[in-house]
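Novice: Below is a structure I'd like to ask you about.
All of the numbers you see were taken from the coordinates with simple rules; none came from a lab. Everything quoted here is computed from the prediction, not taken from an experiment. Note that we place each Cβ from the backbone using ideal geometry, even for glycine, and neighbour counts take in every protein chain shown.
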Amino acid sequence: MGNIFQYEILGNSAWRILTLFGIVLLSLFLGKLAKLILVKFGKKFESANRPIMATTLFAVSKGAVFLLGAAGISLGLAILQLKGWVAEASDTISAILLSVGIGYFLYWLVDIPTTWFSRMAGRTETKLDDMLVPIIRKSLRVTVVVLVLVQVAQILSDKPITSIIAGLGIGGLALALAAQDTVKNFFGSVVLFIDKPFEMGDRIVVDGQDGSVEEVGLRSTKIRTLDGHLVTIPNGELANKLIRNIGKRPYIRRVANITITYDTPPEKVDRAVEIIKELLDNHEGMNPEFPPRVFFNEFNADSLNILVIYWFHPPDYWAYMDFTERFNKELFRRFNEEGIEFAFPTQTLYLAGDSARPLSIGVELSPQSPGQNASERLQGD
């Protein structure tokens, strides 16, 4: 048995190889076990309405397996007896794995401050801080990724971080020129946060896209349209567009034209106006500063027009639609009771020979016209 452990593989005794395998296996097992335990306790804190502790345990559980696995590989490689370029490659791999493992661990820990900030933002009336939460999360994660990449670059190049940062600064100019749209979208995001044309959850209309703001990021804004589609608009373009913020309107206004027939007697026209005013008197959703307006205002080509304007407060669209339906039904019923007829586009033809509506057409010709009498008249009875 002792001979087996003394058997060498790539210049290392078999026991060293087995130890490497055992350490890696143990580290992965401990990572999985830690993840199960952390998730279990995280769910308990979540059910107990302690989101910060729950988020912390969930975040640690996500990065624990990879971090412990990377640490196990690095520790196992240190047991091996390596020489020359193999030893250098082993050290480089260990350092990179540890850097990436720590970075991956920190990547998920970003959820902790963002969850705390989200809870704080939920206690305020303004939604501006709600828009900042996803940006803070993305910014912190991008920072972690950049730091890990710089650390990996330092390990691979064996140069100090200051030299690498200086090199990144020189190449940053070329990168900025190549990424003008990205820079434009970033500054567009800044403009949107300063100007605040909308907040998270507001219903807006941009370029015919009508929907609620679902997310505002560093590069783009996502709008969930009324038909369920997710529309992404770059912030550089959005900052220069006309934005209709329907979510900020103080009321919903309806302008309706009620048309009645031309043979309606004047007294019934007055009665029609009175009925509409009665239906809108102190109506649901009325603000005393915005009383309804009703006027017999126009002689249309085929109808008499009554203009109706009313405002509904607050701007609850479905409550407004419910009131509008009830108003329309009651108006229809009252007009039928009073014998007032609604108008619709019509044409009236007058026929020759109708004793009720005599039709006479006269044409008088010049006496100088050749082939004609001095005066001729065409008549249709």
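Novice: Under 11 Å from the Cβ of residue 111, count the other residues' Cβ atoms, weight Lys and Arg +1, Asp and Glu -1, and hand me the total.
Specialist: Charge balance near residue 111 sits at +3.
Novice: Right, another one. I'd like the Karplus ³J(HN,Hα) series for segment 90-95: coefficients 6.51, -1.76, 1.60, θ = phi - 60°, whole numbers in Hz, and an x wherever there's a Gly or Pro.
Specialist: Each residue's phi maps through the Karplus curve to give 5, 4, 5, 5, 4, 5 Hz.
Novice: While we're looking at this one, here's another question. What's the FRET efficiency of residue 296 with residue 207 using the Cβ-Cβ distance as r and R₀ = 51 Å, to the nearest 0.05?
Specialist: 0.80
Novice: For the cross-link pairs 184/222; 277/329; 196/222; 35/222; 222/248; 268/329, which exceed 23 Å when the distance is taken from alpha carbon to alpha carbon?
Specialist: Violating the 23 Å Cα-Cα cut-off are 35/222.
Novice: Pull out the extension gain between residue 138 and residue 344, defined as 0.36 nm times the separation in residues minus the alpha carbon to alpha carbon distance; nm, one decimal.
Specialist: This chain segment gains 68.3 nm when fully extended.
Novice: Also: Which value in Å does the Kirkwood hydrodynamic radius of segment 184-340 take, with 1/r averaged over all unlike C-alpha pairs and then inverted?
Specialist: After inverting the pairwise mean of 1/r, the radius is 18.5 Å.
Novice: Put a dot 7 Å past each Cα toward the Cβ at residue 37 and residue 226; how far apart are the dots in nm?
Specialist: 5.5 nm
Novice: For residue 119 and residue 282, calculate 0.36 nm times their separation in residues minus their Cα-Cα distance, and state this gained length in nm to one decimal.
Specialist: 54.5 nm
Novice: Here is a further query. Need the full-extension length gain, residue 305 to residue 270, defined as separation in residues times 0.36 nm minus the C-alpha distance. One decimal, nm.
Specialist: Stretched fully, the residue 305-residue 270 segment lengthens by 11.4 nm.
Novice: Between residue 313 and residue 52, what's the calculated FRET efficiency when r is the beta-carbon distance and R0 is 41 Å? Round to 0.05.
Specialist: Step by step, r from the Cβ atoms, then E = 0.55.
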